[in-house]
């Protein structure tokens, strides 16, 4: 896939008025090359491909280039982009990631490379990095499996009196114990009415019987992220809680079953939103139905009404409808799904039916 991504990048050279392309987002560099560094650039031209990093990564980069001879190492000596002066031809046009370069960095680039023209890469350039390889998906599966194991333990650990912060800490400790390198984002654990905060921060609020418990967390394996949300009730669920949960579950399952190569992101969103709206809860579903996942926990595509992207095989997305009301809390159910021809492969496997803690 690294070679196919490189071929796709070169496709922009053939279609555009560019003689070279600078890739400056470290995550995109890793997608393109497989090389990870906190200070790294790639320069792709028609004749050669440069991997640029500083002294701290010199040995690793040289070893990488020996194993991957389509790349040539160029050491970053200063932070003024002078290392690119000999790589970019005068009176040529170099394309760059305008959404990544700061104004200050771009000013330094222009000063360091006089006589070189620069052009913004088109938005569709980011699509090169959307489909994932089978190896990358296997890393996300492993991260998701850790999350599934930990959620089972979180459900059993939930008890009246525990705080949101304590249950979130329990989650992160267990994820690390079972092989997660780090949380893929700040763990969310919310009780009762506070579950109405879609991205709330765990507090010292204590769990009570009858409360919703919303858990949204992720793991990381070899840099690749997982993302899952489950909502359960502490004790017996009321009839109202069962009705609300059942609506969200129907929306999630309807949208998840529709994931397939060739589907529109906006159509997946519309299916989930339609179920919730039909139940009279439409105004309580205020966020997108999902997003892409990979080395970043939020990537393209966005599963929303405004995203008309066609889902490509190998893309990994979340499907996560939810409803929220400050008077009673919130419910969200989220799974990761790998897009395949003829359907989607759900990577997360924790139970989706309404669960009642402490009732056995």
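The values are calculated or read from the model by the stated rules, or taken from the named source; none is laboratory data. What you see is a predicted model, and the numbers here were worked out from it, not measured in a lab. Backbone-built Cβ (ideal geometry, glycine too); neighbour counts: all protein chains shown.
Hey, any hits in the range 117-129 for a residue that's without any contact (Cβ under 8 Å) to a residue 40 or more places away in the chain and in contact with a strand residue (DSSP E or B) (Cβ under 6 Å, 6 or more places away or on another chain)? Looking for residues that are without any contact (Cβ under 8 Å) to a residue 40 or more places away in the chain and in contact with a strand residue (DSSP E or B) (Cβ under 6 Å, 6 or more places away or on another chain), one finds at least one in the range 117-129, hence yes. Within the range 195-211, restricting attention to residues that are closer than 19 Å to residue 236 by Cα and out of contact with any helix residue (DSSP H, G or I) (no Cβ under 7 Å at 6 or more places or on another chain), which residue is surrounded by the most Cβ atoms within 10 Å (Cβ to Cβ)? For the range 195-211, the residue satisfying everything is 195. How many residues, within the range 299-320, are within 20 Å of residue 344 (Cβ to Cβ), assigned to a loop (DSSP other than H, G, I, E, B) and touching a residue at least 40 places away in the same chain (Cβ under 8 Å)? The number of residues fulfilling the criteria is 9. Would the range 43-55 turn up any residue that is more than 20 Å from residue 3 (Cα to Cα), touching a strand residue (DSSP E or B) at 6+ places or on another chain (Cβ under 9 Å) and in contact (Cβ under 8 Å) with a residue 40 or more places away in the chain? Checked the range 43-55: no residue is more than 20 Å from residue 3 (Cα to Cα), touching a strand residue (DSSP E or B) at 6+ places or on another chain (Cβ under 9 Å) and in contact (Cβ under 8 Å) with a residue 40 or more places away in the chain. Checked against the criteria, residue 40 counts as assigned by TED's automatic domain parsing to the domain that holds residue 121, surrounded by 18 or more Cβ atoms within 10 Å (Cβ to Cβ) and under 22 Å from residue 109 (Cα atoms).
Checked against the criterion of being assigned by TED's automatic domain parsing to the domain that holds residue 316, over 28 Å from residue 360 (Cβ atoms), under 21 Å from the mean Cα position of the chain (by Cα) and part of a helix (DSSP H, G or I), the candidates 277, 266 yield just one match: 266. Here residue 202 meets the list (1) more than 30 Å from residue 312 (Cβ to Cβ); (2) part of a helix (DSSP H, G or I) almost entirely, failing just condition (2). Yes or no: the range 68-76 includes at least one residue that is under 25 Å from residue 122 (Cα atoms), assigned by TED's automatic domain parsing to the domain that holds residue 121 and in contact with a helix residue (DSSP H, G or I) (Cβ under 6 Å, 6 or more places away or on another chain). Yes - at least one qualifying residue is present in the range 68-76. Only a single item in (1) assigned to a loop (DSSP other than H, G, I, E, B); (2) closer than 17 Å to residue 19 by Cβ; (3) touching a residue at least 24 places away in the same chain (Cβ under 8 Å) is not met by residue 100, and it is number (2). Scanning the range 163-179 for residues that are in contact with a helix residue (DSSP H, G or I) (Cβ under 8 Å, 6 or more places away or on another chain) and within 15 Å of residue 152 (Cβ to Cβ) yields a total of 6. Evaluating residue 137 against the criteria (1) modelled with pLDDT of 95 or more; (2) touching a strand residue (DSSP E or B) at 6+ places or on another chain (Cβ under 6 Å); (3) assigned to a loop (DSSP other than H, G, I, E, B) leaves one unmet condition, (3).
Out of curiosity, is residue 222 in contact (Cβ under 8 Å) with a residue 60 or more places away in the chain, surrounded by fewer than 22 Cβ atoms within 10 Å (Cβ to Cβ), in the same structural domain as residue 299 (by TED's automatic domain parsing) and touching a helix residue (DSSP H, G or I) at 6+ places or on another chain (Cβ under 6 Å)? For residue 222, the condition - in contact (Cβ under 8 Å) with a residue 60 or more places away in the chain, surrounded by fewer than 22 Cβ atoms within 10 Å (Cβ to Cβ), in the same structural domain as residue 299 (by TED's automatic domain parsing) and touching a helix residue (DSSP H, G or I) at 6+ places or on another chain (Cβ under 6 Å) - is met. Taken together, the criteria exclude residue 61 from residues that are over 20 Å from residue 87 (Cβ atoms) and either outside the structural domain of residue 85 (by TED's automatic domain parsing) or touching a residue at least 24 places away in the same chain (Cβ under 8 Å) (or both). Quick check on the range 236-283: of everything there that is surrounded by fewer than 17 Cβ atoms within 10 Å (Cβ to Cβ) and touching a strand residue (DSSP E or B) at 6+ places or on another chain (Cβ under 7 Å), which residue is farthest from residue 190 (Cα to Cα)? Ranking the qualifying residues of the range 236-283, first place goes to 262. Residues in the range 159-192 that are surrounded by fewer than 17 Cβ atoms within 10 Å (Cβ to Cβ), more than 18 Å from residue 140 (Cβ to Cβ) and in contact with a strand residue (DSSP E or B) (Cβ under 7 Å, 6 or more places away or on another chain): 160, 161, 163.
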